[in-house]
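The values are calculated or read from the model by the stated rules, or taken from the named source; none is laboratory data. Values in this document were obtained by computation on a predicted structure and should not be read as measured data. Cβ placement follows ideal geometry from the backbone for every residue including glycine, while neighbour counts extend to all protein chains displayed.
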Amino acid sequence: MSNNNASSSSVAVVQKAVKQLRLEAKIRRINVSQAATDLKNFCLQNAHKDPLLVGVPSSDNPFRPPKSCGLL
Amino acid sequence: MEPQLQGQVIRQLFFLIGATSVNSILLRKDLCSCRKGMLSSPHQNTPRHREILCFLVEMAAQPSDTLATLKTESETLKTKLEEERAKLHDVELHQVAEKIEALGQFVMKTRRALKGHGNKVLCLDWCKDKRRIVSSSQDGKVIVWDAFTTNKEHAVTMPCTWVMACAYAPSGCAVACGGLDNKCSVYPLSLDKNENLAAKKKSVAMHTNYLSACCFTNSDMQILTSSGDGTCALWDVESGQMLQSFHGHAADVLCLDLAPSETGNTFVSGGCDKKSCVWDMRTGQCVQSFETHESDINSVRYYPSGDAFASGSDDATCRLYDLRADREVAIYSKESIIFGASSVDFSLSGRLLFGGYNDYTINVWDVLKGTRVSILFGHENRVSTLRVSPDGTAFCSGSWDHTLRIWA
């Protein structure tokens, strides 16, 4: 009896895996060239807005200390 | 002929032969006391005959799902999946990016050091106001900092050690955290500094193993968690009820990230089974999975457009996966980097990928070209967590050296 239960549960596990694989095989995919171009375009379009990439003037960045000395 | 159809035919034949032979046996006077066989007399309904008939029907009705046939089907499906993915692999990401200008020298320094934790910092999150940070550590303390002034605004002591997950609510009015207590608790933050935050604690999630990551969805009302028990779950904060659970990982789930709000109800998770999975939050279904890492995946983060995600792993590499091409499109690695990446995050435009590593450094990668643009030193122990601020002006890293550093 226990032998049957063990084998039926491992069958269930593999059945689930097969079902999942069937689902994944069906999805629609695009070419890497198209996907890569889209990624590149997104980067370039947003590059000017990226403070860590282009750097913002110290006065605008709350974390960077302003150039003028506080003592003066 | 399709294998399933073949299976059906064999089963039907088996049933026919089996039933016919039992029928004949029953008709033989020396073997059975009944004069009429089963098939010849449908009214013959003695228990023994019913038993035998049931057995035969069961055998015939059972799908031909022996372990061996299922396993071969699973193998063929896997190879088919790989073939389909490979067919669309016509170019590499860095080839598409060849013509882009290379990035210049980066000068990023520690601008603030947040000191106050008594032990290893394990997790951190920024508030949407781009100024406050919540961090949690091994000693059970969860601290809310003002990153501009480095002041501590709130501190909570959790009843457990190793608080591995913490998150700021979108409204900025609450924080969620959890760890070895297997729970995720939400603490509303009050403006009154003297109030004991622990008194208002609300236990939301219950897992059967440690909580590895948590994240609020677009509102304060729902929270997504991942756990060492191999599952992720979506919870309603008010009632504490589980709204959806996500099963599919074969081992501990270590990290998760929600898709940027414009792109819908999905999230990605990564685990100790070296797999990263993309889930549909409404159905609980895993829609895509990727298994190219060679070791535990410690951190996953969506690309700002939502079409891709990066993962950092103990195999010392970070990888970029594109969701629409359904495959890995870039690997960020160097022979000199041998320690695992514990945490990754993108800059606002997605051009830079920051990776915190177990060799105490932070590597900055050019996402498109696949090269390293900078290496940041400063921490005195492994970097365990790293997050870019919501407006992209700085990023914060937490480390086992008990401190958090803000870089800009």
Worksheet item: So which pairs qualify, if the first residue must be in the range B:77-106 and free of Cβ contacts under 8 Å to residues at least 40 places away in the same chain, the second must be part of a loop (DSSP other than H, G, I, E, B), the Cβ gap must be under 6 Å, and the two must be at least 6 apart or on different chains?
Response: B:Asp90/A:Asn31
Worksheet item: If you take the residues of the range B:100-128 that are within 14 Å of another protein chain (Cβ to nearest Cβ) and assigned to a strand (DSSP E or B), which of them is farthest from B:Asp401 (Cα to Cα)?
Response: B:Trp126
Worksheet item: If we keep just the residues of the range B:319-344 that are buried (at least 22 other Cβ atoms within 10 Å of the Cβ) and of a type in the set (D, E, K, R), which is farthest from the other protein chains (Cβ to nearest Cβ)?
Response: B:Arg319
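Looking only at the range B:129-147, which residues are more than 14 Å from B:Ala176 (Cα to Cα), in contact (Cβ under 8 Å) with a residue 40 or more places away in the chain and not in a loop (DSSP other than H, G, I, E, B)?
B:Arg132, B:Trp145
Picking from B:Trp400, B:Trp407, which residue would you name as being of a type in the set (Phe, Trp, Tyr), more than 10 Å from chain A (Cβ to nearest Cβ) and in contact (Cβ under 8 Å) with a residue 12 or more places away in the chain?
When all the criteria are applied, what remains is B:Trp400.
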Discussion item. Can you tell me how many residues within the range B:75-97 are more than 27 Å from the chain's Cα centre (by Cα) and facing chain A (nearest Cβ under 7 Å)?
Written reply: 4
Fill in: Tally of residues being crowded, with 21+ Cβ neighbours inside 10 Å, within 28 Å of B:Thr149 (Cβ to Cβ) and either in contact with a Phe, Trp or Tyr (Cβ under 8 Å, 6 or more places away or on another chain) or among the aromatic types (Phe, Trp, Tyr) (or both) across the range B:353-363
2
Response to the item:
B:Ala316: passes all of (1) part of a strand (DSSP E or B); (2) more than 10 Å from every other protein chain (Cβ to nearest Cβ) but (1)
Worksheet item: Among the residues of the range B:71-79, is any assigned to a helix (DSSP H, G or I), modelled with pLDDT of 85 or more and under 30 Å from B:Ala408 (Cβ atoms)?
Response: no
Response to the item:
Residues of the range B:305-318 being crowded, with 24+ Cβ neighbours inside 10 Å and under 25 Å from B:Gly264 (Cβ atoms), in sequence order, are B:Ala308, B:Phe309, B:Ala310, B:Ser311, B:Gly312, B:Cys318
Item to complete: Among the candidates B:Asp125, B:Asp181, single out the residue that is surrounded by 23 or more Cβ atoms within 10 Å (Cβ to Cβ) and either in the same structural domain as B:Leu254 (by the TED database) or at pLDDT 95 or above (or both).
Response: B:Asp125
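Criterion first (within 14 Å of chain A (Cβ to nearest Cβ) and either touching a residue at least 24 places away in the same chain (Cβ under 8 Å) or part of a strand (DSSP E or B) (or both)) does B:Leu353 satisfy it?
Against the criterion (within 14 Å of chain A (Cβ to nearest Cβ) and either touching a residue at least 24 places away in the same chain (Cβ under 8 Å) or part of a strand (DSSP E or B) (or both)), B:Leu353 qualifies.
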Worksheet, complete the sentence: Counting only residues that are away from chain A (no Cβ under 11 Å) and in contact with an Asp or Glu (Cβ under 7 Å, 6 or more places away or on another chain), the range B:276-292 contains a total of 1
Worksheet item: Just wondering, is there one or more residues in the range B:184-203 that are crowded, with 18+ Cβ neighbours inside 10 Å, closer than 30 Å to B:Tyr321 by Cα and free of Cβ contacts under 8 Å to residues at least 24 places away in the same chain?
Response: no
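Conditions tested, residue by residue: (1) among the β-branched types (Val, Ile, Thr); (2) assigned to a loop (DSSP other than H, G, I, E, B); (3) under 18 Å from A:Pro51 (Cα atoms); (4) away from chain A (no Cβ under 12 Å).
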position: B:Asp359; (1), (2), (3), (4): no, yes, no, yes
position: B:Trp365; (1), (2), (3), (4): no, no, yes, yes
position: B:Gly370; (1), (2), (3), (4): no, yes, no, no
position: B:Val373; (1), (2), (3), (4): yes, no, yes, no
position: B:Glu380; (1), (2), (3), (4): no, yes, no, yes
position: B:Thr385; (1), (2), (3), (4): yes, no, no, yes
position: B:Asp391; (1), (2), (3), (4): no, yes, yes, no
Worksheet item: When you scan the range B:9-19, how many residues do you find that are over 49 Å from the mean Cα position of the chain (by Cα) and surrounded by 13 or more Cβ atoms within 10 Å (Cβ to Cβ)?
Response: 2
Worksheet item: Filter the range B:255-279 for residues that are out of contact with any Gly (no Cβ under 9 Å at 6 or more places or on another chain) and β-branched (Val, Ile, Thr); which is nearest to B:Phe290 (Cα to Cα)?
Response: B:Val278
